[in-house]
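This report refers to the structure that appears directly beneath it.
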Amino acid sequence: MATVYRGRHTTLDRDVAIKVLHPHLSSSTRNRKRFAREARAIEHLRHENILEIFDYSGIDSGDCYIITEFVDGQTLTALVEERGRLPSELVAVIGVRLCRALGYAHASGILHRDMKPDNVMVRDDGTVKLMDFGIARFLDESQVTLTGALVGSPAFMSPEQAVEAPLDTRSDLFSLGTVLFYLVTGELPFSGSNPSLILKNVIEGNRPNVAELAPAISPTLADAIERLMATSPEGRFNTAAEVSEALMAVLSDVGIATDDPAWCIQAWLAEPDAFEKRLQEHVSRVVLATGKALLADGDALGALRHFNRLLALDEENEEVLELVASLHVEPEKPRRPVTFGLGLAAVVLTAGALVMWFVRPPRTDAASDPDAVLAVHEPRPDALPEPAPDPVAAPALPDPTPQPEPSPRDPETRPTPVAAPVPAPPPRPTPRPRPPPQPAPAPLALVEPAPVVLPSGPATLRVVSNMAADIYQQGRKLGNTRAPLELQPGAYVLEIRSDVVKPYELRIELGPGESLEKVVNLEARPAPVRFAASFPDACTVSLNGASLGTLGALGHRIEVPRPNQHGHVVQVACPDAEVFEHVWSDVVFPDQVIGP
């Protein structure tokens with residue numbers, strides 16, 4: 001859709017990126033106006049994980065272009081093509097950063113609608129940047145197609161976007177799930193020989209389970225991705241903040257600090273092989289200790305989820321294989337005296353031998369096939385606690401030929417019972433002792449200082465808002481929404497306000513060393529706008545296409561409500577004169593004067 005140039009901003013003295021739309025998109029006046037409105041709607045987004053817009057072409061320019069910050073790094077697509085599937089914990093860190101960007105945009109009333117790995121860049125210092133907000137919506141409304149199919153990226157669309165249904169923030173969350181799926185598996189979730197088939201699979205939810213393609217995935221991450229990619233929006237997370245909490249749990253499961261895990265990305269970019277090796281060693285130690293603890297507490301299924309991941313990482317792990325095999329040793333039951341005949345004893349002995357063959361853990365298969373480990377986890381209901389005796393010592397089987405049963409009325413014809421020799425019971429096996437619970441290993445220490453620390457000291461609060469404002473406590477200014485605040489632990493009642501937004505009250509409670517992020521949606525004050533006296537009273541005024549009346553009746557003054565929602569267009573039409581048009585961006589400041 002565009003050509004991107006690297007440029008130099010001489011005034012700011014820094015490199016920038018310049019995206020110029022192709023002529024077939026920018027040749028229409030309608031397209032240029034729509035493009036300008038979209039650029040104004042997203043230019044106020046100021047977030048560390050969102051690509052910043054410096055300037056755009058405007059309506060009157062023959063070319064449509066956007067000037068943005070220059071990101072010295074790679075897209076997620078390029079990283080996966082270079083490295084293959086990424087570790088679960090690294091994917092979780094990237095996902096948390098994308099959740100913060102989406103949460104901030106959603107609070108501003110903006111959907112991305114084109115979330116995909118090509119639209120996410122990772123800067124060389126580890127900063128994640130989400131790009132191309134609003135462009136997909138511009139293209140959709142301009143009725144332009146690039147390949148004769150629906151505009152966008154079919155493999156990463158939500159089902160509701162594929163059928164052109166109304167969208168909400170959960171559509172972006174579905175696309176986020178597809179991105180995480182791609183990062184952790186190295187494969188697209190939905191495939192097909194053409195875009196129509198891909199869209200059909202998206203709509204019907206025809207895709208593999210993420211754990212099938214990535215057996216070594218964190219179980220917590222797998223659960224989060226599956227929920228994000230639910231076909232129905234009701235089955236997904238409701239907000240980006242909820243997704244962020246789920247991804248933070250992926251890190252806390254293995255003892256990685258969740259206050260600021262961005263150092264993981266930077267360390268991985270610097271030495272990817274060494275980082276992944278140290279990370280795998282750390283994860284293996286923690287997951288093994290967690291699995292043993294769950295096993296000791298009687299949670300066999302929870303332990304198996306961890307053991308399965310370990311076997312996917314190291315299928316020859318002797319300790320894990322022994323732990324899995326130990327799950328098949330059932331408690332011994334008291335022997336019952338053998339009082340049956342020879343035939344019944346032989347049948348029992350034969351059945352015992354068969355059962356012992358079935359319940360014997362197939363160690364080699366479990367080590368080579370992670371799915372086989374799941375198959376042997378559930379004990380068979382017909383398993384016997386006693387092993388089969390030596391078949392050589394078993395008594396001979398009786399003649400299986402059925403004999404006619406005598407009539408119960410003729411006691412004389414009944415055979416005399418003959419005592420059968422009772423075989424000696426086999427020796428009881430010594431049950432394998434259950435391994436004692438092991439203490440959790442020390443947290444991962446890939447960089448100095450160690451990332452896991454006990455919470456203490458001041459807390460950090462970051463208020464993410466759709467418009468910039470100052471933060472006050474009891475009339476004292478603490479800071480603003482553009483920078484994090486360092487506060488002492490305790491309860492706070494904060495007021496967020498400025499000259500152009502209505503006051504907003506925020507109640508929070510901070511613990512020692514806690515890092516908290518709150519997303520607030522500020523409501524703008526109505527902005528007064530005055531018209532120059534040179535306009536005749538007979539001129540009529542319209543706001544965003546709605547007529548307000550004549551300037552004389554309005555007193556040459558109007559108020560623009562909620563200017564933070566979108567751009568505003570005011571038109572002044574005077575008799576026998578050209579229509580005068582004034583366009584604002586996202587914020588209309590007080591005491592604006594419009595003149596010809």
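Remarks
- In this simple spin-label approximation, LYS502 and ARG462 carry label points 7 Å from Cα along the Cα→Cβ vector, and these lie 2.8 nm apart.
- Look at the alpha carbon pairs under 8 Å that are at least 6 residues apart: their mean separation over the length of the stretch 71-266 gives a relative contact order of 28 percent.
- Amide N of the stretch 213-246 lying under 20 Å from the label point, which is placed 7 angstrom from the Cα of ASP297 along Cα→Cβ: 218-224, 246
- Virtual paramagnetic centre 7 Å along Cα→Cβ of LEU554, amide N under 11 Å, in the stretch 515-533: 529-532
- In terms of other Cβ atoms within 10 Å, VAL579, VAL320 run from fewest to most in the order VAL579, VAL320.
- When peptides 116-126, 524-534 are ranked by their average number of other Cβ atoms within 10 Å per residue, the highest-first order is 116-126, 524-534.
- Note on ARG462, ARG207: ascending count of other Cβ atoms within 10 Å places them as ARG462, ARG207, the fewest first.
- Going by neighbour counts of Cβ atoms within 10 Å, the residues TRP263, TRP268 line up, fewest first, as TRP263, TRP268.
- Modelled FRET efficiency - R0 25 Å, GLN488 with GLU242, Cβ distances, 0.05 increments: 0.30
- Each label point was placed 7 Å from the Cα along the Cα-to-Cβ direction; for VAL4 and THR127 their separation is 1.6 nm.
- Peptides 107-113, 280-286 ranked from most to least packed by the mean count of surrounding Cβ atoms within 10 Å: 107-113, 280-286.
- Relative contact order of the stretch 147-225, pairs being alpha-carbon contacts under 8 Å that are 6 or more residues apart, as %: 32
- Put simply, when 225-234, 547-556 are sorted by average Cβ atoms within 10 angstrom per residue, most first, you get 225-234, 547-556.
- Dipole-positive endmost among CYS264, PRO219, SER252 within the stretch 206-313 (Cβ charges, Cα centre): PRO219
- Filter on LYS477/LYS518; LYS116/LYS200; LYS277/LYS518; LYS33/LYS129; LYS19/LYS200; LYS477/LYS502 - keep pairs with C-alpha separation over 24 Å: LYS277/LYS518; LYS33/LYS129; LYS19/LYS200
- Efficiency of FRET between LEU12 and ASP60 - r from beta-carbon atoms, R0 25 angstrom, step 0.05: 0.60
- Inter-label distance, nm, simple model (7 Å from Cα along the C-beta direction), LYS518/ASN194: 5.4
Where a number appears in this text, it was derived from the coordinates with a stated rule and is not lab data. All figures in this text were calculated on a predicted structure; none of them were measured in a lab. Here Cβ is always computed from backbone atoms with ideal geometry, including for glycine, and neighbour counts include all displayed protein chains.
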